[in-house]
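The structure under discussion appears below in the form of structure tokens.
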Amino acid sequence: MATPILQMQNICKTLSGKEILRSVSLDINRGELKVLIGPSGAGKSTFLQCINYLLTPEHGQIVLEGNIVDTASKKELYSYRQQVGMIFQDFNLFDHLTALDNVAIALRKVKGMSKKEALDIAHKELDRVGLSDKGNLYPAELSGGQKQRVAIARALAMEPKVLLLDEPTSALDPELVGEVLSVIRDLAKEGLTMIMATHQMDFARALADEIVFMQQGEIIERGSPASLLKEGSGTRTADFCNKLSDMCEEID
Amino acid sequence: MLRTTRVLMLALGLVLMFGTGAFAEKTYINGIDANYPPFAYVDKNGEPAGFDVDSLNWIAKKLGFKVVHKPMEWSTIVQSVLSNKIDMVYSGMSITPERAAKVNFSDPYYTVASVYAAKKGSGLTVDKIQHDKVRLGVQSGTPQVEWLKEHMGKENWNFTLKFYDSAPLAFQDVMNGRIQAVAMDAAPVNDAIGRGLPLAVIDTFGDHDDFGVAINKDNAELLELINKGIKMLKADPYWEVLKEKHLKGNDH
Amino acid sequence: MLEQLAVVLDALPYILQGALVTLGIVGGAMSLGLVMGIPMAVGLVYGPRFVRFILGIYVWFFRGVPILTLMFLFYFGIFDLLGLNLSALSATAIVLGMTSAAYQSQIFRGSIEALPQGQLKASRALGMSDMQGVCSIILPQALRLSIPGWSNEFSIILKDSALAYVVGAMDMFTRTHFVASRTYEHLTLFITAGAIYFIITMVGVKLLLTLEKKVRIPGYTT
């Protein structure tokens, strides 16, 4: 059996005295989509940020393609982060740059490309997320869904081996969720390896290779959508999902 | 001609801007109080002028050195001599024990009386000034201040001292009534009267004031040079010409 | 009235030369304050504890001590000890510049802290070093936000530049005083100088406003 592309081993993280992650381990194979679900405060977002060291875990290590990531070396850390892209809940587009420059800037600064090379790639990536006509607009001129698609294009331009998505649709108006999910769906079909925290259960059910249910800083259950979400399976995952859909109905 | 003047002014400016070290051989910097007519001020063309300026220029020419007159803040001018920012103060400086403790003084070159002055027709007398509650203007850092402070305590004088940066500022306040009288060197008072200000000298007071040139104690050579120059100047007919030009009405 | 006008017209070239000196001091001080203030602000926000501590002391010192005291301290003390034979003009510009650095660092720090946290995070996630993130993501945004505060600082330094007189720099204020001492037209001359200060402030602020509009990000509000 091939080694997993990315392995998280015994990740522990404490934030302001509170234990957020209690020794979480997770492997992911090339081309898989794993979906993290769980109540807010479960540690999903912290876990994702620990995976690419935006937060530094106190314990545990991460192994990319069989090599342990040595965070003591800045160079290795920066190169690792290029290979593991990140999509944030609130987009975090660079507000002073156009959509094109948002995609191009890291290519130029990190990969040392010329302006022309970088813009060529930026055009391609924006095209890929269906925004080829919005390249010259600034973030403040884009809708939430468009912003998130630019953010995805920006991450993809770095050609990451793994893409982490931290609730990419939860800051969006409901009518804009679809366009972002459809981009992610395409990526999954193309075989991009992804770990995604989300409350979009229909999406998870349809596309996830594995659902990982987290609660209070631990992985409680994991398994295929079919086995975890089966009617009457009695899993906590199914229970949580029922509550979630009840809540949605109440809101609706 | 105009062109030469400009070039000279530029050169002068450069010397002033880039400090005093460049032409140390033959050029001396004289710090002046340009707010102290008739001894030193700036004329219509912005050039230093006055009795002291003309005197030193004459001496410099006779003894073969160059001199640059640099307008300075009076209250820190002794400090500027001490830190060698200027070589001397040839600018109506009274010889006082406090100053003489810090710098050398040349032989006295001019004696000036201290006077009370008020607006023309004020009806003030020395007695009234000293015993009524008069507001009396003085220039900070002059020997008159010391003398008045010393005597007002001993003799129960009732005036209040008001301090000014320059004599002309004090005259302004006499004109607009903020103070009733001034106590200072006769020379600036007479100069102001000569320029049409409706002031009147009431009487002299205190000791006569001797003006001398202040020079850094480390610079015995310059002291000798200036003393020699002053002696020559006073023996020359030009001395009378200068007094006629600048100090009309001051001799006693 | 006519007489006073004649005095002013006569003195105007001399006073305007002083305006150039004043502008030189202000330009020098603002530039020095900018060059020092930006890295200081970055250090204050992102630096390790001891860097923040040292910068904090710097800011506290220069904000707390009157500029007049600083001028004496540096002109007659520190610059002499260091063997720097500075002209009154450069000394004034440097002292005002170092003071302005303390204030400007606070302007920039405020702007950096007003930016969303996620900006630097996003740059890190793309593999940029913190230095790259700060230089190409944080500062371009923070400097835009700083322009209003900066134009405020400009008008303050312009007025502080009149303190140049204590070390004998021939700025506009000093020259005006000289002319007044000769002509006894204090009020008229200082009103004239005041008007020139006012015009310089107005032009400066207007220019900065134009700059602010020019670099404004379309649709962006904070």
Which numbered condition A:Ser79 misses (of (1) touching a Lys or Arg at 6+ places or on another chain (Cβ under 8 Å); (2) within 14 Å of another protein chain (Cβ to nearest Cβ)): (1)
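Please find, among C:Lys213, C:Lys159, the residue that is open to solvent by 40 Å² or more (accessible area, probe 1.4 Å), farther than 23 Å from C:Leu23 by Cβ, assigned to a helix (DSSP H, G or I) and among the basic types (Lys, Arg). Break it down into steps so the answer makes sense when it comes.
On the way: C:Lys159 fails: farther than 23 Å from C:Leu23 by Cβ.
Exactly one residue qualifies, and that residue is C:Lys213.
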Qualifying residue in the stretch A:20-35 (condition: buried (at least 20 other Cβ atoms within 10 Å of the Cβ) and outside any strand (DSSP E or B)): yes
Of the criteria (1) over 30 Å from A:Leu164 (Cβ atoms); (2) in contact (Cβ under 8 Å) with a residue 60 or more places away in the chain, which one C:Phe61 fails: (2)
Selection count where residues are closer than 30 Å to B:Ile77 by Cβ, surrounded by fewer than 15 Cβ atoms within 10 Å (Cβ to Cβ) and without any contact (Cβ under 8 Å) to a residue 24 or more places away in the chain, scope the stretch B:116-150: 2
Residue selected from the stretch C:184-222 under the condition within 14 Å of chain A (Cβ to nearest Cβ) and aliphatic (A, V, I, L, M), by the criterion farthest from the chain's Cα centre (by Cα): C:Ile217
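Can you name every residue in the stretch B:198-218 that is at pLDDT below 90 and of a type in the set (A, V, I, L, M)? Break it down into steps so the answer makes sense when it comes.
So in the stretch B:198-218, the residues at pLDDT below 90 come out as B:206-209.
The answer is none; no residue qualifies.
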Any chance B:Val81 is assigned to a helix (DSSP H, G or I), in contact (Cβ under 8 Å) with a residue 40 or more places away in the chain and surrounded by 19 or more Cβ atoms within 10 Å (Cβ to Cβ): yes
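Could you count how many residues in the stretch C:162-182 are more than 8 Å from chain B (Cβ to nearest Cβ) and open to solvent by 30 Å² or more (accessible area, probe 1.4 Å)? Walk me through how you get there before you give the answer.
Of all residues in the stretch C:162-182, those more than 8 Å from chain B (Cβ to nearest Cβ) come to C:162-164, C:169, C:171-173, C:176.
Among the residues that remain, those that are also open to solvent by 30 Å² or more (accessible area, probe 1.4 Å) are: C:163, C:173.
Residues that pass the stated criteria total 2.
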Test set (1) farther than 30 Å from B:Pro168 by Cα; (2) open to solvent by 10 Å² or more (accessible area, probe 1.4 Å); (3) outside any helix (DSSP H, G or I) - C:Met128 fails condition number: (2)
Matching residues in the stretch A:49-89 - criterion: being under 14 Å from A:Leu15 (Cβ atoms) and either in contact with a helix residue (DSSP H, G or I) (Cβ under 7 Å, 6 or more places away or on another chain) or assigned to a helix (DSSP H, G or I) (or both): A:Gln49, A:Cys50, A:Leu54, A:Leu55, A:Pro57
Residue list for the stretch A:39-68, restricted to those being at positive phi and within 14 Å of chain C (Cβ to nearest Cβ): A:Tyr53
Breaking point among (1) farther than 19 Å from B:Thr76 by Cα; (2) open to solvent by less than 10 Å² (accessible area, probe 1.4 Å); (3) within 22 Å of the chain's Cα centre (by Cα), for C:Ala122: (3)
Whichever residue in the stretch B:35-83 is more than 8 Å from chain C (Cβ to nearest Cβ) and among the aromatic types (Phe, Trp, Tyr) and, among such residues, is farthest from B:Ile226 (Cα to Cα): B:Trp74
Count of the stretch B:81-107 residues which are in contact with a Gly (Cβ under 6 Å, 6 or more places away or on another chain) and either of a type in the set (Lys, Arg) or modelled with pLDDT of 95 or more (or both): 3
Inter-residue pairs, beta-carbon under 6 Å, first touching a residue at least 12 places away in the same chain (Cβ under 8 Å) and closer than 20 Å to C:Phe61 by Cβ and in the stretch C:103-124, second open to solvent by 10 Å² or more (accessible area, probe 1.4 Å) and of a type in the set (Gly, Ala, Ser), 6+ apart: C:Ile107/C:Gly149
Selection from the stretch A:97-135 of residues that are assigned to a loop (DSSP other than H, G, I, E, B) and without any contact (Cβ under 8 Å) to a residue 24 or more places away in the chain: A:Gly112, A:Met113, A:Ser114
Contacts under 8 angstrom Cβ, first residue in the stretch B:206-221 being touching a residue at least 40 places away in the same chain (Cβ under 8 Å) and open to solvent by 60 Å² or more (accessible area, probe 1.4 Å), partner aliphatic (A, V, I, L, M) and assigned to a strand (DSSP E or B), 6 or more apart: B:His208/B:Val112; B:His208/B:Ala113
Residues of the stretch C:131-140 classified as open to solvent by 40 Å² or more (accessible area, probe 1.4 Å), more than 7 Å from chain A (Cβ to nearest Cβ) and not aliphatic (A, V, I, L, M), total: 1
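The values are calculated or read from the model by the stated rules, or taken from the named source; none is laboratory data. A quick note: this is a predicted structure, and the numbers were derived from the prediction, not measured. Here the Cβ is made from the backbone with ideal geometry for all residues, glycine too, and neighbour counts use every protein chain on show. All accessible areas refer to the heavy atoms of the entire protein, side chains included, with ligands and DNA or RNA removed. Shrake-Rupley method; radii C 1.70, N 1.55, O 1.52, S 1.80 Å.
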